[in-house]
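None of the figures in this text is laboratory data; all of them are computed from the coordinates on show. Here the structure is a predicted model, which means the values were calculated and not measured. Reconstructed Cβ throughout: ideal geometry from the backbone, glycine too, with neighbour counts over all protein chains shown.
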Amino acid sequence: VLAEVIKAFGAPENAQRMEEARDNACNDMGKMLQFLLPVATQIQQDVIKAYGFSSDGEGVLKFARLIKSYESQDPEIASMSGKLKAMFLPPMTLPPHGASTGGVAAS
C-alpha cells in the first residue's frame, strides 16, 4: 500500500497538484499546512480507501500510525516512509546547540 501511495504522488496530475500547492505555500510552514497538506492527504486517501481505510483524514492518520509501527521492524518500510514524508514535508533544520541558544549555563 505504501508503495502505491508513493507511486500516486509521482503520477503527473498529482505531481502538478503538489507543485501548485508548494508554490502557493512559498516555504511558509503555516501555508504548507493550509495548501500542501490537504492535497497530500487527498492523494493518500484515494489510494488507501481501496485497502479498507476510511476515505477521510482519520483513515490517513490510521495509515500513518500503522506505517510508523512497522518502520523499526522493516528497513524497506522505513525507507519508503521517509520518501513519502519528503514528498510533502519540507526539510527541517534544527537550530545549532550551544550556549548562544538560550540554554542554562552550569554554575
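Assorted remarks:
- Ordering Val47, Leu36, Ala8 by Cα displacement along the dipole of region 4-55 toward the positive end leaves Val47 in first place; charges were set at the Cβ atoms of Lys, Arg (+1) and Asp, Glu (-1).
- For region 1-88: rounded, prolate or oblate by the Cα gyration tensor [a/c cutoff 1.5]: prolate
- Total formal charge among the other residues, if their Cβ is under 11 angstrom from that of Ile77, Lys/Arg +1 and Asp/Glu -1: -1
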